[in-house]
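Rule-based calculations on the coordinates, nothing more; no lab input. Nothing here was measured: the structure is a model prediction, and the numbers come from that model. Here Cβ is always computed from backbone atoms with ideal geometry, including for glycine, and neighbour counts include all displayed protein chains.
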Amino acid sequence: AQSVTQLGSHVSVSEGALVLLRCNYSSSVPPYLFWYVQYPNQGLQLLLKYTSAATLVKGINGFEAEFKKSETSFHLTKPSAHMSDAAEYFCAVSDPGGFKTIFGAGTRLFVKA
Amino acid sequence: NAGVTQTPKFQVLKTGQSMTLQCAQDMNHNSMYWYRQDPGMGLRLIYYSASEGTTDKGEVPNGYNVSRLNKREFSLRLESAAPSQTSVYFCASSDFLSGGRKSGANVLTFGAGSRLTVL
């Protein structure tokens, strides 16, 4: 069975500071991994995905994530936070052949001026 | 570009009442999904339809039924609503299955959500 653990339900950073949102996964097969973002009163939208090509994946809005198999991690980073980055972020895992995507509990990012 | 459209956006029900959430997508995707979102639990898959004419259970199917009406539409029905079904419901679609084959990663496109309260 697959699972995702996001460390920290809330993260607060100052504008211009580094953003680091942590995600660890469990999977019995080489996984596909995703980060989705949810802005208030909206559905989720894809930030980036890992599909076993390059381990460092770049997404939209300056976000990137690195797949580390030895640590079973897929942490999301952004060098400099913007006020507009305030949202909830979800890490997710699926197996390459499956329709089911398993989501983590989410991390709400607050950005202080 | 409408993408994935869900109706209604808000609904309040009394325990035991029934209702149907409607979902339609205009992206010609083969696969459609229903998720529920609860605080601290992320999104959990209720049912999905890999292609027109098929439906399968997800993690939390109890108390729900679905109908894949055609390629565009996928509805979720609560036959006898319970307070535990108070949640935000999201419909999603993907083009993971194309030409009868799975390709790439299963990237989901979500609707804006439907907030359901059961009293």
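Whole angstrom only: what separates the Cα centroid of segment B:25-51 from the Cα centroid of segment A:60-85?
Here the answer is 25 Å between Cα centres.
Hey, which aspartates and glutamates would be in cross-link range of B:K14, C-alpha to C-alpha under 17 Å, not counting anything within fewer than 8 residues on its own chain?
The qualifying aspartates and glutamates are B:E79.
Could you list the square roots of 5 times each eigenvalue of the Cα gyration tensor of segment B:2-119, that is, the equivalent ellipsoid semi-axes, sorted largest first and rounded to whole Å?
With the √(5λ) rule applied to segment B:2-119, the semi-axes are 24, 13, 13 Å.
Please give the FRET efficiency for A:T77 paired with A:K100, using the beta carbon to beta carbon distance and R0 = 30 Å, rounded to the nearest 0.05.
Values: r = 27 Å, r/R0 = 0.90.
Computed FRET efficiency for A:T77 and A:K100: 0.65.
Give me A:S3, B:S51 sorted ascending by neighbouring Cβ count inside 10 Å, so fewest comes first.
Fewest to most other Cβ atoms nearby, the residues stand as A:S3, B:S51.
With +1 assigned to the C-beta of every Lys and Arg and -1 to the C-beta of every Asp and Glu, and no other charges, what is the dipole magnitude of segment B:1-100 about the Cα centre in debye, to the nearest 20? List each step's numbers first, then the result.
Working: 9 positive and 8 negative charges, 45 e Å.
Dipole of segment B:1-100, to the nearest 20 debye: 220 debye.
Computed on alpha carbon atoms, what radius of gyration and Dmax characterise the protein assembly as shown, expressed in Å?
Rg then Dmax for the protein assembly as shown, in Å: 17.6, 51.
Which of the residue pairs B:K71/B:K102; A:K78/A:K112; A:K68/A:K100; A:K100/B:K71; A:K68/B:K57 have a Cα-Cα distance greater than 26 Å in the structure shown?
A:K68/B:K57, as the Cα separations exceed 26 Å there.
Give the share of C-alpha pairs in each 10 angstrom bin for segment A:1-75, from 0 to the last occupied bin, in whole percents, shortest bins first.
Answer for segment A:1-75: a P(r) of 16, 51, 29, 4 percent.
For segment A:1-78, what is the charge dipole size about the Cα centre, in debye to the nearest 20, if Lys and Arg each add +1 at the Cβ and Asp and Glu each add -1 at the Cβ?
Taking the Cα centre of segment A:1-78 as origin, the dipole is about 120 debye.
Which stretch or stretches of segment A:24-57 have amide N atoms under 17 Å from the point lying 7 Å from B:T5's Cα along the Cα→Cβ direction?
From segment A:24-57, the list is A:43.
For A:K69, which aspartates and glutamates qualify as cross-link partners when the Cα separation must be under 19 Å and same-chain residues fewer than eight apart are set aside?
Here the aspartates and glutamates satisfying the reach criterion relative to A:K69 are A:D95.
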